[in-house]
Amino acid sequence: MNIHEYQAKELLATYGVPVPAGFAAMTVEEAVEASKKLPGPLYVVKAQIHAGGRGKGKFVELPPEAKGGVRLARSADEVRAAATDMLGNTLVTIQTGEHGKQVNRLYVTDGVDIAKEFYLALLVNRASGRIGMVVSTEGGMDIETVAHDTPEKIQTLDIDPATGFMPHHGRAVAAALGLTGDLAKQASNTASKLYDAFIGTDAAQIEINPLAVTTDNQLLVLDAKVGFDANALFRHKDLMALRDETEEDPAELEASKYDLAYIKLDGDIGCMVNGAGLAMATMDIIKLNGMFPANFLDVGGGANKEKVTAAFKIILADPNVKGILVNIFGGIMKCDIIAEGIVAAAKEVNLSVPLVVRLEGTNVEAGKDILANSGLAIVPANDLGDAARKIVAEVQKAA
């Protein structure tokens, strides 16, 4: 689960992380009032969407020369103008896709004079099984570009969760940023507080870009992106209250109601699979056979009729879907039970696109019999390769 920048900063501030003063605004008037609470004379008005690249983004409804989703303002009138441009309009950035996201919230912060910008992020390093702290002197720009063009400017420090953040980690962060004296102490303290926030909230990622040194030698977090481990949110009801469902894909939101792992893709073959690894293999083999998956959908090991029906409805809600491939390994759930769910779901949703089903595992023969005697145009498959070839052939035949 991701949260907005203003929420991230408010959360990090509770852990002692230094952030500029700022206020969220849902209306133009709230934005103006927010600026009056700040010392000024410089303000920053930021569009709040779950995507990066806001500063370089473009609003669909505004002229091409209009500024992006992060603007400087030097008066309440300029704050009003920026807020009027942004609220209710669609911002397209490098991360939103061509359709963009509607801006429903703003963040008005105190402007600062920046002397230097850095990059600092915390994430789980899957390779080492530790918390990775990614540090770079090249802040304020796309870290992906830095990683590609000048990878030597990025350093990763691993922190053993058994020991936690230690003084030598703080010194290493300061050294990686080239900071000395009081700024080195600030960097060490900020990194320590960020680590506390990461552990305390069960975060999946905390990204600070930029972490800035001001002209009066203060280290401040000027932008923050925070995401949480969804599997740990049951421990954090306060964090769940920060969820903004309007920022989520409607299909993915609907899938979450049924505990389905769903991600929409750009292809035309809908996939329904149990198990993330099997789902990835299914998507790969569809591509190998010349077409593209329309989604990642893992119904999990405890698939039942309700889940399968919901999965079919979600897949078919995508107008790009021209066929569905069901690839199920019956372990915890028996194949005959799964087959009954597939038949019931296909009838309920009035399935109108080709459907290929591959079953394997416990009671597989009984499951195949149920599909064969269903009276539906379900094409059985013997293995994954056979399933991929058949769904591609069926879609091409129906075209």
> Among the listed residues Ala255, Ala303, Ala281, which satisfies the condition of being modelled with pLDDT of 90 or more and either in a helix (DSSP H, G or I) or buried (at least 22 other Cβ atoms within 10 Å of the Cβ) (or both)?
Replying inline: Ala281
>> Could you go through the stretch 145-159 and let me know if any residue there is touching a residue at least 60 places away in the same chain (Cβ under 8 Å) and more than 21 Å from Gln218 (Cα to Cα).
In response: no
>> I need a count of the residues in the stretch 306-352 that are open to solvent by 70 Å² or more (accessible area, probe 1.4 Å) and under 22 Å from Leu278 (Cα atoms).
In response: 8
>> Checking Asn350 against (1) in a helix (DSSP H, G or I); (2) on the phi > 0 side of the Ramachandran plot: exactly one of these is not met. Which one?
In response: (1)
> Does Ala310 satisfy the condition of being under 19 Å from Glu252 (Cα atoms) and out of contact with any Gly (no Cβ under 8 Å at 6 or more places or on another chain)?
Replying inline: yes
>> Which count do you get for residues in the stretch 353-399 that are under 18 Å from Phe292 (Cα atoms), open to solvent by 80 Å² or more (accessible area, probe 1.4 Å) and charged (D, E, K, R)?
In response: 2
> If you take the residues of the stretch 139-169 that are open to solvent by 70 Å² or more (accessible area, probe 1.4 Å) and part of a loop (DSSP other than H, G, I, E, B), which of them is nearest to Ala212 (Cα to Cα)?
Replying inline: Met141
> Going through the stretch 15-40 one residue at a time, which ones are part of a loop (DSSP other than H, G, I, E, B) and in contact (Cβ under 8 Å) with a residue 40 or more places away in the chain?
Replying inline: Tyr15, Gly16, Val17, Pro18, Val19, Pro20, Ala21, Met26, Thr27, Leu38, Pro39, Gly40
> Could you count how many residues in the stretch 214-247 are surrounded by 16 or more Cβ atoms within 10 Å (Cβ to Cβ), over 13 Å from the mean Cα position of the chain (by Cα) and not in a loop (DSSP other than H, G, I, E, B)?
Replying inline: 5
> Tally time: how many residues in the stretch 258-277 are surrounded by fewer than 16 Cβ atoms within 10 Å (Cβ to Cβ) and touching a residue at least 24 places away in the same chain (Cβ under 8 Å)?
Replying inline: 3
> Is at least one residue of the stretch 196-208 modelled with pLDDT of 95 or more, assigned to a helix (DSSP H, G or I), acidic (Asp, Glu) and closer than 23 Å to Thr156 by Cβ?
Replying inline: yes
> Any idea which of Asp318, Asp336 is in contact with a strand residue (DSSP E or B) (Cβ under 9 Å, 6 or more places away or on another chain), acidic (Asp, Glu) and in contact (Cβ under 8 Å) with a residue 40 or more places away in the chain?
Replying inline: Asp318
> List, please: which pairs have Cβ atoms under 8 Å, are six or more places apart or on different chains, and start with a residue in the stretch 170-182 that is closer than 17 Å to Thr215 by Cβ and end with one that is open to solvent by 10 Å² or more (accessible area, probe 1.4 Å) and in a helix (DSSP H, G or I)?
Replying inline: Leu179/Gln186
> Can you name every residue in the stretch 367-389 that is closer than 16 Å to Ala344 by Cβ, outside any loop (DSSP other than H, G, I, E, B) and either over 38 Å from the mean Cα position of the chain (by Cα) or β-branched (Val, Ile, Thr) (or both)?
Replying inline: Asp369, Ile370, Ala372, Ile378
>> Residues that are on the phi > 0 side of the Ramachandran plot and under 27 Å from the mean Cα position of the chain (by Cα): does the stretch 38-47 have at least one?
In response: no
> For the stretch 15-22, does any single residue satisfy the condition of being out of contact with any Leu (no Cβ under 7 Å at 6 or more places or on another chain) and surrounded by fewer than 19 Cβ atoms within 10 Å (Cβ to Cβ)?
Replying inline: yes
> Does the stretch 79-138 hold any residues that are basic (Lys, Arg), crowded, with 16+ Cβ neighbours inside 10 Å, under 29 Å from Ile159 (Cβ atoms) and under 19 Å from the mean Cα position of the chain (by Cα), and which are they?
Replying inline: none
> Of all the residues that make up the stretch 23-60, how many are crowded, with 16+ Cβ neighbours inside 10 Å and under 30 Å from Lys237 (Cβ atoms)?
Replying inline: 14
> Within the set of pairs 6 or more residues apart or between chains, which connect a residue that is within 14 Å of Gln95 (Cα to Cα) and of a type in the set (Lys, Arg) inside the stretch 46-63 to a residue that is surrounded by fewer than 24 Cβ atoms within 10 Å (Cβ to Cβ) and modelled with pLDDT under 90 with Cβ atoms less than 8 Å apart?
Replying inline: Lys56/Ile94; Lys58/Pro64; Lys58/Ala66
> Only one of these conditions is not met by Ala187: (1) open to solvent by less than 10 Å² (accessible area, probe 1.4 Å); (2) of a type in the set (Gly, Ala, Ser); (3) under 19 Å from Ile49 (Cα atoms). Which number is it?
Replying inline: (3)
>> Testing Phe296 on (1) part of a helix (DSSP H, G or I); (2) buried (at least 16 other Cβ atoms within 10 Å of the Cβ), one condition comes back false. Which one is that?
In response: (1)
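The values are calculated or read from the model by the stated rules, or taken from the named source; none is laboratory data. Keep in mind that what you see is a predicted model, and the values were worked out from it rather than measured. Positions of Cβ are backbone-derived with ideal geometry, glycine not excepted, and every protein chain shown enters the neighbour counts. Protein only, heavy atoms only, side chains kept; ligands, DNA and RNA dropped before computing areas. Shrake-Rupley method; radii C 1.70, N 1.55, O 1.52, S 1.80 Å.
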